[in-house]
Amino acid sequence: MKQIVVLGGGYGGVIAAKKLAKKLKKQPDIRITLIDRNPYHTLLTEIHEVAANRVREDSVKIDLKKIFAGFKNVDVVLDNITNIDFKKRQLIGESKTYRYDYLVIGTGSKPTFFGTPGAEEHAFTLWSFEDAVRLREHIPEMFRRAIKERNPEVRKQLLTFVVVGAGFTGVEMIGELAEWVEDLCEEYGVERSEVELYVADMQPKILPILPDRLIQKSEKRLKKLGVNILTGSKISEVTEHSVTVGDREIPSSTVIWTAGVEGSELLDNLDVQQQGRKRIVTNDKLESVDHKNVYVVGDNIFYIPEGASAPVPQMVENAEQSAPLVAHNIVADIRNQPKKSYKPSFHGMMVSIGSRYGVANVGTEKKKFMCSGFLAMFIKHFINMFYLFQVAGFNKVYSYMLHQFFHVENNRSFVGGHFAKRSPNFWLLPLRIYVGVLWFMQGWDKLAKVFEGEIFLIPAKAVDGTSAASDATSAASAAAETAVEALPVPGFVENMVNWSMDLMFYKADGSFTAMAYVFQTGMVFAELIFGAFLVIGLFTALSSVATVLMGLMIWASGMAPTEMLWYIMGGIALIGGSGSTFGLDYYVIPRLKKVWKKIPFVKRWYLYAD
């Protein structure tokens, strides 16, 4: 039985194991074992979202056994590998020793501190699921402590957050944190001006591998979020309560280190040639130059492709492209077929700055295009879902969509809160538009008659002196025989309508009063206005109540066809408000609330809702 061991359940390891499992599913004499210290695969590119409380913890984890549940030739093993004996072809773990015929190393990387005094001891890192959870719990604690702190210097220290490293991870973290701070300030009653956010780097500019145009856009966005950018400054020391950037000491109880990575601890003990920050040197087949049948994927690769001047970058796309090639070459070696050389073609880079804005430089090796804002975020989410579909199919793609678009709080999504489940009225959107169009068309059809100056909504007073309402009921009954059936009206309601119409709409001689003309004109324009409001989602709750009342008035008059039930019931369903879903209420109501809450009378009597 041949044993293929994949060490590491990261991006490269998971894809390599899946590709091998598919290619070798008809060979029962080959087993594939994936070993990792955690039972889950972590989406490392998204952990800043957990750290800044945008998404739930489980959104960045996928159970490894779930990933390989459909593969009978794959075993998932939880163990911590401490060393590898390449001569004996064995992996030494804390639980047992594992034999291999082919080995794939994809242990990933860990943060490096470049010898900065105090950084490893006092700074928070952001390179694992545990790091993200630790930060998510720590940051609100700073606010809780700050609101009870009377010493202004200590309070400032608690409310100052510094991200060291202005690469992709650092910028994404500070962007998410800047958005979260807005919510935390409101929750804990802290003025936003009291909170200071910094992103610092030795490089002369942030995101240095992006084009200058996108760097400028990113800087503009960060400044809009209230982030101070410190570049070209060495980080010389981190203490429990401060960080020194250049010649400036910044008091802070939260320093987040994202300034660089190196190979995992395991590589310290391995007898393999390494370059860069503990990366394993490989040939063009991604096989270790020192040991046959040992392949490398993802961040652990040190390989300079033909025509390139630098080794392949430590990025997810490198893992995604190297893993299938390694799987192919292992299978080719087993079957005595030709192997392939690694010729990566990277399609660009994307960075999100908070939940609503991003920049991207994407395309082919020869031609890339730059974009920002909504389009960049759309591309980022699309690529994430494409990857997740490879790893765990529809299940994780659907889960991803729930976390990113539906289960969001405080509108922290690139589509805002339009799809948020906090607005279950999302599914009422078609009904809102439909009911609005029906009412608008009712008014539109009557508009010309209004300008003609004739009364048509109120029947003429009967010659025999009976009430107009009774006559209207008779007319409706007659019409029902040839057209539609009118909704029945209880006798007591009919009597009330008779009395009110006689009082307001008829003179002694049976002609119409001025009130009749005003009422008819108002009714027609109300149908137009409230119908339009429902269509565009403006003052939806108020408009819904108004349409229900109009429907009840028409019913009480004895002239309501049975379809009026749809108008009334539809209006009732919409009273909860559906204008927050692709409607103007999404923008107007929050602004009106802010203005309303500032009115002294309103503040005094608490006449507002949060």
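Readers should treat all values here as calculations from the given coordinates under stated rules, not as data from a laboratory. No experiment lies behind these values; they were computed from the predicted model shown. All Cβ positions, glycine included, derive from the backbone under ideal geometry; neighbour counts span all protein chains shown.
The mean sequence distance of close C-alpha pairs (under 8 Å, at least 6 residues apart), as a share of the length of the chain, puts its relative contact order at 11 percent.
Its alpha carbons give the stretch 1-76 an Rg and a Dmax of 14.1, 47 Å.
Using the crude model of +1 on Lys and Arg Cβ and -1 on Asp and Glu Cβ, and no other charge, please compute the dipole size for the stretch 119-259 relative to its Cα centre, in debye to 20.
Rounded to the nearest 20 debye, it is 500 debye.
When the Cα positions of Ile529, Val297, Phe601 are compared along the charge dipole of the chain, Val297 comes out farthest toward the positive end, with charges on each C-beta of Lys, Arg, Asp and Glu. Listed values for the stretch 108-125 are Karplus-derived 3J(HN,Hα) couplings in whole Hz (6.51 cos²θ - 1.76 cosθ + 1.60, θ = phi - 60°), namely x, 10, 9, x, 10, 10, 6, x, 5, x, x, 5, 5, 7, 10, 8, 7, 10, and x replaces Gly and Pro.
Round to the nearest 10 and give me the degree value, 0 to 90, for the angle of helix 514-536's Cα axis relative to the longest principal axis of the chain. For 514-536 against the chain, the angle is about 10 degrees.
Kirkwood hydrodynamic radius (Cα pairs, Å) of the stretch 424-604?
18.0 Å
For the stretch 424-604, relative contact order (Cα pairs under 8 Å, six or more residues apart, normalised by length) works out to 31 percent.
Restricting the calculation to Cα atoms, the stretch 204-291 yields a radius of gyration followed by a Dmax of 18.8, 52 Å. Using the Cβ of Leu388 as centre and a radius below 13 Å, the other residues enclosed give a net charge of +3, where K and R count +1 and D and E count -1.
FRET efficiency for the pair Leu375 and Ala332, taken as 1/(1 + (r/R0)^6) with r the Cβ-Cβ distance and R0 = 56 Å, rounds to 0.90. At the listed q of 0.12, 0.23 Å⁻¹, the Debye profile of the stretch 321-440, built from one uniform point per Cα, gives log10 I(q)/I(0) equal to -0.67, -1.23. For the stretch 20-61, the C-alpha radius of gyration sits at 1.76 times the compact-globule guess of 2.2 N^0.38 Å, with N the residue count. Once the chain from Ile304 to Glu194 is taken as fully extended at 0.36 nm per residue, the excess over their C-alpha distance is 34.8 nm. The angle between the Cα long axis of helix 491-504 and the main principal axis of the chain comes to about 70°, on a 0 to 90 degree scale.
Per-residue ellipticity at 222 nm, computed for the chain from helices alone with -39500 (n - 2.57) per DSSP H run of at least four residues, works out to -13500 deg cm²/dmol.
FRET efficiency for the pair Trp566 and Asp183, taken as 1/(1 + (r/R0)^6) with r the Cβ-Cβ distance and R0 = 60 Å, rounds to 0.90.
Take every DSSP beta bridge with both residues inside the chain and express the antiparallel ones as a percent of the total, to the nearest 5. Roughly 50 percent of the beta bridges in the chain run antiparallel, per DSSP. Taking 7 Å steps out from each Cα toward its Cβ at Trp596 and Glu137 produces label points 3.9 nm apart.
Hydrodynamic radius of the stretch 312-351 by the Kirkwood approach over all distinct alpha-carbon pairs: 11.3 Å.
Got a sec? Charge dipole of the chain, +1 on Cβ for Lys and Arg, -1 for Asp and Glu; which of Gly436, Ile589, Ile383 is way out at the positive end? About the Cα centre, the residue reaching furthest to the positive side is Ile383. Which pairs in the list Lys2/Lys110; Lys25/Lys380; Lys19/Lys66 are over 25 Å apart, alpha-carbon to alpha-carbon? Beyond 25 Å: Lys2/Lys110; Lys25/Lys380.
Projecting the Cα atoms of His41, Phe539, Thr364 onto the charge dipole of the chain, computed from C-beta unit charges around the Cα centre, puts Thr364 farthest toward the positive end. Its Cα gyration tensor gives the chain an equivalent ellipsoid. The semi-axes, each the square root of 5 times an eigenvalue, are 66, 32, 20 Å from largest down.
When Lys and Arg each count +1 and Asp and Glu each count -1, what net charge do the other residues less than 15 Å away from Lys340, Cβ to Cβ, add up to? Value of the local net charge: +2.
For the chain, a crude dipole built from +1 on the beta carbon of Lys and Arg and -1 on the beta carbon of Asp and Glu, taken about the Cα centre, is about 1840 debye to the nearest 20. Relative to the longest principal Cα axis of the chain, at what angle does helix 374-401 sit, 0 to 90 degrees, rounded to 10? Orientation of helix 374-401: about 70 degrees from the principal axis.
Just to verify a number: FRET efficiency for Arg213 and Val545, C-beta to C-beta distance, R0 = 45 Å, to 0.05? Efficiency, from the Cβ-Cβ distance: 0.35.
For the stretch 119-259, what proportion of DSSP beta bridges, expressed in % and rounded to the nearest 5, is antiparallel? DSSP beta bridges in the stretch 119-259 are roughly 35 percent antiparallel.
With Cβ to Cβ distances under 14 Å as the rule, what net charge do the other residues near Ala200 carry (K, R +1; D, E -1)? Net of charged neighbours comes to -3. Under 28 Å between C-alpha atoms is the cut-off here; go through the stretch 424-604 and count lysine pairs that meet it, provided they're at least eight residues apart or on different chains. Lysine pairs meeting both conditions in the stretch 424-604 amount to 7.
If you average the sequence gap of Cα pairs under 8 Å that are 6 or more apart and divide by the length of the stretch 186-229, what percent do you get for the contact order?
The normalised contact order for the stretch 186-229 reaches 50 percent.
The shape of the stretch 119-259 can be summarised by an equivalent ellipsoid whose semi-axes, obtained from the alpha carbon gyration tensor, come to 23, 17, 15 Å from longest to shortest. Less than 5 angstrom separates the built amide H of Gly537 from those of Leu584, all sequence-distant by 5 or more or on a different chain.
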